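Beneath this line is the structure, given in structure tokens, with notes to follow.
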Amino acid sequence: AIHELSCEAYKHLGKTSNYYWIDPDGSGALGPLKVYCNMTEDKVWTTVYHDLQMQTSVGGNSPEKLAVLQLNYSATMDQISAITSSAEYCEQFISYSCKMSRLLNTPEGNPYTWWVGKANEKHYYWGGSGPGIQKCACGIERNCTDPKYYCNCDADYKQWRKDTGMLSYKEHLPVSQVVVGDVDRPGSEAKISVGPVRCQGDRNYWNAASFVTSSSYLHFSTFQGETSADISFYFKTSASDGVFLENLGNTDFIKLELKSATEVSFSFDVGNGPVEIVVRSPNQLNDDQWHRVNAERNVQQASLQVDQLPLEVRKAPTEGHTRLELYSQLYVGAAGGQRGFLGCIRSLRMNGVTLDLEERAKVTPGVKPGCSGHCTSYGMYCANGGKCVEKYNGYSCDCSKTAYDGPFCIKDVGAFFEEGMWLRYNFHSPGTSMKDLVSRTLLSSTDSETTAPDLNLSKEELSFSFSTTKSPCVLVYISSYTPDFIAVLVKPSGNLQIRYSLGGTKEPYNIDVDHRNMANGQPHTVNVTRNGRDIVLQLDHYPPTSYSLPTASDTQFNSPKALFLGKVIEIGKIDQDIYKYNTPGFTGCLSRVQFNQIAPLKAALRPTNASSHVHIQGELVESNCGASPLTIPPMSAATDPWHLDSASADFPYNGQAIGDGVNRNSAIIGGVIAVVIFTILCTLVFLIRYMFRHKGTYHTNEAKGAESAESADAAIMNNDPNFTETIDESKKEWLI
């Protein structure tokens, strides 16, 4: 299997947080390793775990002068070094809890305790401090328990004290050993905790150069690939041909080029005559999108792959020359008067080493460092109306005009509403004219050029998801300075109702969804759009349904004023039913609420320019309990033939997966026996009922197990550095 080079590469394949195999040096000697990739922030975190338990105790009348704690990682030191060297930032949490056990012996003494990092070097600084500074975090911040010392533990108290912090000088990481010294006195005791190594960003992945003339090139020292060559890079161009790179010998050579708009060629000669491998793409490769090239050659065979197209392989002759002997410099771009490459090359790796194209391009005419236009390839990952924003080294998704959050605008922003709690979003705040507001936010983005002197809406889009077990209640209510309003309600029966009162009719126009109970505690999505008289309602995964306002009804929503969630607190006359539904109010979850360009919940939970429009009664607690359900109803475990595989794939460290499979088989066999008994002996109703109840319980338990497995992994990654102190021990054994 082909493993990506880093977590960053998985992110840009649209993958979500999980465990992945990465191979930092391609097909080099390091080999692949399994890491946890956390994609929840703009920059990806890569995490490598070790086997030292948190709060490992040392001392307690131990006769040894020194206690040595060894950390064994799920990767070799060289593999971890490959990750730290290409990362922008790395950190590792370290903690020393002490009772009569001094740490660094500050201010003047020799340290009692130290840690060993990369290349077996000893280090005498602690978390929160830096190289050469023999202090703990409290010494740097000047808040140690006893100001005479630079570490809390150095005061030698009989009560438990603690020195903790992040080690973030990545050239010294990871911690491979902690040596503890001051635990041989009576009453001396210490506890050590070391978190996993976490690295953020990947400098190599975005290292790029733009070739702006067909004669421009970058040169590097001769490629050392005598018996094996592994070359990978991304390219982006609108030209139909050009040389990517070339290195010459007397007669030997190695070369990669774009031969035509649909062909990439890998050619070389090791002394047996030229060999050429060509990959032909069914689609144009000069479409200004990123394409990946991977070329390999060893004494047995050579291969070329472009994107996900089939690998082209050529066996080496059984006899003849095998060594590739090169003398010239390595040219990236135009070489020897040939037509060079026009466009961008990025993340160029030769035998596991990333060439610094960016640095070399800064001093080379005709070549520019970096590359623009990442959004043409990756903009599709910005979901839910998020806008792709170009950056010098990559791109980001701007979610500000959406009700979502996260690097790809796919994280629901939602909250839990307690009984009696409500939120009001005013469409205009002091100092902004209503006209400004409507043209900026209430009119849909496509109408932003329209002016609205009469401040009326002829179209709206309202979407959100919710979950509740209480009915009746008001979910969303949009008020106006006139009698007009729009409301989404849950009726006493648990059914959904959407109510439009736009004037022209005696009674509001109601859309009743009577075919299902929405107050069943499950998340439900609602998307209702109106354009003039036409209304389209999309509920959960059901097909959209169309409705039409009565001919007598007005089609303008006049002078919108405010949006309410959970309860309506509005002056003036309120619709009688809504007044009744207002007490005691909505209890449950609302998520990703969006009315045209406005996201009221997000404005309340994330400090933005719109936050001044929000007023909240009660305490708003962020929660994803109302997050959107699947668009396709999930297959039940009994009917899903892949259920067991998918469970173990999603939760590789969930020790329950196999046991659950056995339980399911038992439940099915039990069910079959029950049916046989039922047909023979009708008197055993009680037994049959018991067995079916047992089967039901099993499915519930499995769901809970899966939930906790997922949240444990999420918790490991997202909490603060002290998170590891609470990890369940059995879980940690699996992470080794």
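Every number in this text was worked out from the coordinates using simple rules, so none of it is lab data. What you are looking at is a predicted structure, and each value in this text was computed from that prediction instead of being measured. Glycine also receives a Cβ, built like all others from the backbone with ideal geometry; neighbour counts cover every protein chain displayed.
Check each of the GluC sites (Glu not before Pro) in region 231-335 and keep only those in coil by DSSP with at most 10 other C-beta atoms within 10 angstrom; list them in order.
Loop-located and lightly packed - GLU319.
Suppose each label sits 7 Å from its Cα in the direction of the beta carbon; what would the THR145-LYS15 distance come out to in nanometres?
4.5
Pop out the ³J(HN,Hα) list for region 175-186 in order, Karplus 6.51 cos²θ - 1.76 cosθ + 1.60 with θ = phi - 60°, rounded to Hz; leave Gly and Pro as x.
6, 9, 7, 10, 10, 10, x, 8, 10, 9, 8, x
Can you tell me which lysines have their Cα less than 28 Å from the Cα of LYS65? Leave out same-chain residues fewer than eight positions away.
Straight-distance partners of LYS65: LYS99, LYS118, LYS122, LYS135, LYS148, LYS158, LYS162, LYS191.
Below 21 Å, Cα to Cα, which lysines can LYS411 reach? Residues fewer than 8 away in the same chain don't count.
Straight-distance partners of LYS411: LYS11, LYS15, LYS43, LYS387, LYS401, LYS602.
Restricting everything to alpha-carbon atoms, can you work out Rg to Rh for region 448-518 with a Kirkwood hydrodynamic radius?
1.04
Please list the radius of gyration and Dmax for region 48-203, considering alpha-carbon atoms only, with Å as the unit.
Just the Cα atoms of region 48-203 yield Rg and Dmax of 15.2, 50 Å.
What percent do you get for the relative contact order of region 207-369 when only Cα pairs under 8 Å and 6+ apart count?
That works out to 41 percent.
Please sort by residue number the GluC sites (Glu not before Pro) in region 342-420 whose DSSP state is loop and whose Cβ has at most 13 other Cβ atoms within 10 Å.
Those that pass, being in a loop and sparsely packed, number zero.
Please give every one of the lysines within straight-line cross-link reach of LYS491, meaning a C-alpha to C-alpha distance under 25 Å, and leave out same-chain neighbours fewer than 8 residues apart.
LYS470, LYS506, LYS561, LYS567, LYS573, LYS580
Quick one: net charge of CYS153's neighbours, Cβ under 15 Å, K/R +1, D/E -1?
Here the count lands on +3.
Amide H neighbours of VAL621 under 5 Å, at least 5 residues apart or on other chains, H built in the peptide plane: list them.
PHE416
Rg/Rh for region 275-315: what does it come to with C-alpha atoms and Rh from Kirkwood?
Taking Rh as the inverse mean 1/r over Cα pairs, Rg/Rh reads 1.01.
Where the Cα atoms of region 207-369 are projected onto their three principal axes, how long is each span, largest first, in whole Å?
Computed over region 207-369, the largest-to-smallest principal extents equal 44, 35, 28 Å.
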